[in-house]
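In what follows, a single structure is set out as structure tokens and then discussed.
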Amino acid sequence: MQIALDNWTEIAPKLEKLATDVEHQILPCEDFDERKVLSPLPRAYQWVDGSAYINHVELVRRARNAEVPESFYQDPLMYQGASDTFLAPRADIPLGDTAWGLDMEGEVAVVTDDVPLGVPAKDAANHIKLVMLVNDVSLRGLIPGELDKGFGFFQSKPSSAFSPVAVTPDELGEAWKNSLVHLPLMVEYNGEAFGRAEAGVDATFDFAQLVAHAAKTRSLCAGSIVGSGTVSNKGAEGGPWKPVDEGGLGYSCIAEIRMIETIANGKASTRFMQPGDRVKIEMRDGNNHSIFGTIEQNVVLS
């Protein structure tokens, strides 16, 4: 995949023809078993994660009685994550200590070709070549201490997992519009529906803006991955959504429902992930077909 991205102009038409031949059974092929594959990029030169859905940030800040700085609505938040040890889509999530507060974060991500330094957002969309899903694993109990140091995330952001399949934006059809995927992100937690947030709604920033932000002071090499941050929607009246089992769109991470519980009751009641817990993340098209395959992971003590 990295070789293809390095030579996308030359390789993409060949891959498109190959995909057409496979679809029409012109070539001999065997069934694809997503349970046996790694992520499209098992490691990458660059993995940066933004925060396109400011509703998520608003909830976290509100629970702390803190205001969201006005700059957050014009200048995206972004951190640089570890890209050398991605987890496979169905690999266990290792947890060293339950006090670390393990959380899943359901997100959408894009993969770029070579992006020039200082590219404007209006041109950055042309550099988005692939779309996939991600579980951006977070250790909530470690985040405050790291942020207090003023140097950002490191230990609190262990290896993330990406979907087994990445697709070109054109394959999404009308669901890819304005550099966003306009479909619900389906998150299940321990076999129950946990989140159905609409990825095309309530995004303060689109992927073109996130890519341009990442390339403001540096060029991005082919194969760079840019995440959306936790997909999060506002409720019908501007407040937070209710859980799925109460008729809402639910949440893409545990921290968000804990923030809502804190706002409503003064304390959180939903625990973070424990050994034996399971998360499943996927996205389906209008015909209920899985687009990216499934991220499905169990938590284990490491």
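Here are some notes:
- Where helices (runs of 4 or more DSSP H) fall entirely within the stretch 1-77, those with at least 2 residues that are without any contact (Cβ under 8 Å) to a residue 24 or more places away in the chain and touching a Leu at 6+ places or on another chain (Cβ under 9 Å) are at 8-23.
- From the list Tyr79, Tyr45, the one residue that fits, being farther than 30 Å from Asn233 by Cβ, within 23 Å of the chain's Cα centre (by Cα) and at pLDDT 95 or above, is Tyr45.
- Candidates Ala193, Ala203, filtered to the one that is in contact (Cβ under 8 Å) with a residue 60 or more places away in the chain and either under 24 Å from Val131 (Cβ atoms) or crowded, with 22+ Cβ neighbours inside 10 Å (or both): Ala203
- Extreme residue, farthest from Ser160 (Cα to Cα), among residues of the stretch 235-291 that are part of a strand (DSSP E or B) and open to solvent by less than 40 Å² (accessible area, probe 1.4 Å): Gly250
Let's see how each residue does on (1) aromatic (Phe, Trp, Tyr); (2) closer than 30 Å to Tyr73 by Cβ:
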position	(1), (2)
Gln2	no, no
Val22	no, no
Cys29	no, no
Phe32	yes, no
Arg43	no, no
Trp47	yes, yes
Ser51	no, yes
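- Test: Pro116 is at pLDDT 95 or above, out of contact with any helix residue (DSSP H, G or I) (no Cβ under 7 Å at 6 or more places or on another chain), open to solvent by 60 Å² or more (accessible area, probe 1.4 Å) and of a type outside the set (Gly, Ala, Ser): yes
- Some residue of the stretch 148-159 being of a type in the set (Gly, Ala, Ser), free of Cβ contacts under 8 Å to residues at least 12 places away in the same chain and open to solvent by 20 Å² or more (accessible area, probe 1.4 Å): yes
- Of all residues in the stretch 243-257 being more than 22 Å from Ser51 (Cβ to Cβ) and of a type outside the set (Asp, Glu), the one that is farthest from the chain's Cα centre (by Cα): Gly247
- Scanning the stretch 160-179 for residues that are under 21 Å from Val48 (Cβ atoms), open to solvent by 20 Å² or more (accessible area, probe 1.4 Å) and within 14 Å of the chain's Cα centre (by Cα) turns up just one, Ala166.
- Yes/no for Arg278 being over 26 Å from Glu171 (Cα atoms) and without any contact (Cβ under 8 Å) to a residue 60 or more places away in the chain: no
The values are calculated or read from the model by the stated rules, or taken from the named source; none is laboratory data. A quick note: this is a predicted structure, and the numbers were derived from the prediction, not measured. Reconstructed Cβ throughout: ideal geometry from the backbone, glycine too, with neighbour counts over all protein chains shown. When the accessible area is computed, the model is the full protein with side chains, heavy atoms only, and any ligands, DNA or RNA have been set aside. Shrake-Rupley method; radii C 1.70, N 1.55, O 1.52, S 1.80 Å.
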